[in-house]
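Enquirer: Let me give you the structure first, and then I'll get to my questions.
The values are calculated or read from the model by the stated rules, or taken from the named source; none is laboratory data. Not measured: the values here are computed from a predicted model. Neighbour counts run over all protein chains shown; Cβ positions are idealised from the backbone, glycine included.
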Amino acid sequence: SWNDYSTPVSIENGSWKIIARQTDKAGNVSELTDPMSIVVDSAFPSIVDFTVSSPDGNYKVGSKVQFALSFSDKVKVASSNTSKVTFESVNTPKATKTADVVATDAAGQNTVIFEYTVQEGDNLQGIVLKSVSFNGFTDTKGTTSGTVNKTDKTETRAGIILDGIAPALTMAAPAMKG
């Protein structure tokens, strides 16, 4: 059906074909235009994967462990963003840590990286990925994410060791004979 639009209109997400004709002040009606197909997509990209991206190994003080949050489309993260990944140790007592988001380049990327820097005193013999919480990511269309807390996927990586314990040197003096 034809509608008379002389002001901007809003249309819902989806695929649309637009055909137009014009009527001048004298009442003359133009031919129909060729159809123009458009897709309206204002939804924020969906999460595709959430994983520990660093390889198994022994990470000493100052080493970085990375986590990857992948989306169905490119997203951008400002350097001031405070989003976090939460993980904990496999060993007991449990130690819970958080990794910080790393800003993306201006063009955006499909995978956002979070990093944790091993601290002095860390002693995690394997890690369990628990959750990601983010807010304020922007996709390439300008849509901004709300606050998202994803806790439905965990990943255990027994081969990632966070070793922030300095080696201790113990010495014993030989017994004197005498």
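Enquirer: Name every residue in the stretch 100-136 that is within 18 Å of THR51 (Cα to Cα), in contact (Cβ under 8 Å) with a residue 40 or more places away in the chain and not β-branched (Val, Ile, Thr), in order of residue number.
Expert: Across the stretch 100-136, the qualifying residues are ASN110, PHE114, GLU115, TYR116, LEU129, LYS130, SER131, SER133, PHE134.
Enquirer: Then there is this: So which strands (runs of 3 or more DSSP E) stay within the stretch 76-178 end to end and still have 2 or more residues that are under 21 Å from ASP56 (Cα atoms)?
Expert: Working: elements: 84-89, 96-101, 109-117, 123-134, 148-150, 155-163.
Fully inside the stretch 76-178 and qualifying: 84-89, 96-101, 109-117, 123-134, 155-163.
Enquirer: Determine whether the stretch 63-70 contains at least one residue that is closer than 30 Å to GLY121 by Cα, under 27 Å from the mean Cα position of the chain (by Cα) and either of a type in the set (Lys, Arg) or assigned to a loop (DSSP other than H, G, I, E, B) (or both).
Expert: Yes, some residue in the stretch 63-70 is closer than 30 Å to GLY121 by Cα, under 27 Å from the mean Cα position of the chain (by Cα) and either of a type in the set (Lys, Arg) or assigned to a loop (DSSP other than H, G, I, E, B) (or both).
Enquirer: Here's a follow-up. Restricting to the stretch 126-168, and then to whatever is farther than 16 Å from ALA43 by Cβ and charged (D, E, K, R), can you tell me which residue is modelled with the highest pLDDT?
Expert: ASP163
Enquirer: Right, next: Being of a type in the set (Gly, Ala, Ser) and without any contact (Cβ under 8 Å) to a residue 40 or more places away in the chain is the filter here, so list the residues in the stretch 27-73 that pass it.
Expert: GLY27, SER30, SER37, SER46, SER72 - these are the residues of the stretch 27-73 that are of a type in the set (Gly, Ala, Ser) and without any contact (Cβ under 8 Å) to a residue 40 or more places away in the chain.
Enquirer: Give the stretch 133-178 a look and list any residue that's out of contact with any strand residue (DSSP E or B) (no Cβ under 8 Å at 6 or more places or on another chain) and surrounded by 12 or more Cβ atoms within 10 Å (Cβ to Cβ), or say none. Before you say what the answer is, go through the steps one by one.
Expert: First pass over the stretch 133-178, keeping only residues out of contact with any strand residue (DSSP E or B) (no Cβ under 8 Å at 6 or more places or on another chain): 141-143, 146, 152, 166-178.
LYS141, THR143 - these are the residues of the stretch 133-178 that are out of contact with any strand residue (DSSP E or B) (no Cβ under 8 Å at 6 or more places or on another chain) and surrounded by 12 or more Cβ atoms within 10 Å (Cβ to Cβ).
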